[in-house]
Each structure stands twice: as C-alpha cells, then as structure tokens.
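The values are calculated or read from the model by the stated rules, or taken from the named source; none is laboratory data. Quick caveat, the model's predicted, so the values are computed rather than measured. Every residue, glycine among them, receives a Cβ derived from its backbone with ideal geometry; neighbour counts consider all protein chains shown. Keep in mind that these areas ignore ligands, DNA and RNA; they rest on the heavy atoms of the full protein, side chains included. Shrake-Rupley method; radii C 1.70, N 1.55, O 1.52, S 1.80 Å.
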Amino acid sequence: VSAFTRVGDVRGALTPELALEEDSELLLVDLGRDRLGQSILAQVFDTPLGPVPDLDDPVVFRGFFDTLQAQARAGRILAYHDRSDGGALVAALEMAFTAGVGLGIHLDAFVGREPLAVLFNEELGALVQVRRADRDAVVAAFDAAGLAGRVHRFATLRLDNRVEVLADDVRLLNADLDTLFDAWLETTHAMQRRRDNPECADE
C-alpha cells in the first residue's frame, strides 16, 4: 500500500540518513519470521527459498507504527529505514552510505537463526538509529505496544569505513564501505536504466 498525507512539519520526517553520533546504535524491529521466498537473495541465486513474507498480525504492525511515531515525536529516533527491499543488511548499508560511515553488525541477538535469513529476509520490520542513552526507553515503548522480544541490537557505527558482520565470533563479512557502495551503485544504475530513460540514467 502506498499512501500520501500532509506533513505538519517536514523537519520531523524520518530518513535513512545516519546521524554521526558515535554513542548510538541501530536496532532492528523484527516483525517477521525469516521467510526468504521471492526475496532479492532468492532471485540472485534463482531458487525459490520457500514461503514469502506476509503480514501475520495487523495489531502488532499497528503497534509498531504507532510506537515509531511516538518515539519520533519524543526525539528518540535519529534515523529510520525499512528492510523490505533487500533485507536488514542492505538497509543498514544504505544507511551507512548516506553518512559515509562503517558499521559493526553483530548477530548475537539472533542465536539459533540462520544468519543469511536474518540478513536478507524482506519481512516487515525496520532499522532505527537511537542514542544508547535512549535505547532502554525505546525498547520499553515497543514492549508495551505488544512487541516484546522483537527489538534487537543490530549494529554500531564505525569511523574506519569498514563494514563487518559477526555471528558467534565468526566474521561473515569484512569489506570496505566504498567497495560495497560501488557494487550497490552498479545495480541501482542498471535498474534505473531499465525503469527510466537510459540516457538520463547514464547522465
């Protein structure tokens, strides 16, 4: 569903642009069940990968939306990005690109879950950047809205331009942010050439 509405003060709009605050972190608000069917990961490897994401509980989704709005009004959300187009890893990278900072992604909160599924499922959910000082209040607000156990620490900012993904002390990724950006941009450009005027995309 796409919708448009009036905005009372555009300065309060949430965007994926990370605030350059070292004492902050990314939380993943996870509303899904790691279903990878028809995800970009499934398309890249040309394999079905099972069931597709779905909206399982509208009440939980509304609780997510209302709480996000309330926390934004309280000034506790610094940046926001949904994970529906590529998964949590892609969303986190897109946030990192906006600020030119690296990320340390830790999957300690997802013990027993397949790392690829956590990183690439396109279920309902979002990444939010919060100050560490506000983290407990934000988590408590989501808990009170019926989302207990659905908010996880996901990443911290790194100023060395590296992106590292760790799961059970195993390094799954250690790459330069610029290298990842070039790969992302190449794909984005190719998609834009097909969707829009190719000459404009090249320009």
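Quick look at the values:
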quantity	calculated
Accessible surface, 1.4 Å probe, highest first, among residues Ile77, Ile40	Ile40, Ile77
Neighbourhood net charge (14 Å Cβ-Cβ; Lys/Arg +1, Asp/Glu -1) for Leu127	-4
Between segment 1-51 and segment 100-179, the alpha-carbon center distance in angstrom	12 Å
Unit charges on C-beta of K, R, D, E only; dipole of the chain, Debye	600 debye
Of the DSSP H helices in the chain, those whose Cα atoms cover at least 15 Å axially and whose Kyte score averages -0.5 or more	58-73, 88-99, 132-142
For segment 85-203: rounded, prolate or oblate by the Cα gyration tensor [a/c cutoff 1.5]	prolate
Largest to smallest accessible area among Arg83, Arg194, Arg62, Arg171 [probe 1.4 Å]	Arg194, Arg62, Arg171, Arg83
Per residue, in Å², the accessible surface of the chain once ligands and nucleic acids are set aside, probe 1.4 Å	58 Å²
Surface accessible to a 1.4 Å probe, Thr47 within the full protein complex, Å²	60 Å²
Sequence-separation-based contact order of the chain, relative, with Cα cut under 8 Å and 6+ spacing, percent	29 percent
Largest-first ordering by accessible area, 1.4 Å probe, given options Leu93, Leu20	Leu20, Leu93
Taking the C-alpha atoms of segment 1-139, convex hull volume expressed per residue in Å³	133 Å³
Sulfur and carbon atoms: percent of accessible area, the chain [1.4 Å]	52 percent
Tensor-based shape of segment 103-166 (alpha-carbon gyration tensor, a/c under 1.5 rounded, otherwise prolate or oblate)	oblate
Helical contribution to [θ] at 222 nm, DSSP H n ≥ 4, -39,500 (n - 2.57), averaged over the chain, rounded to 500	-11000 deg cm²/dmol
Rounded if a/c under 1.5, otherwise prolate or oblate - segment 144-202, Cα gyration tensor axes	oblate
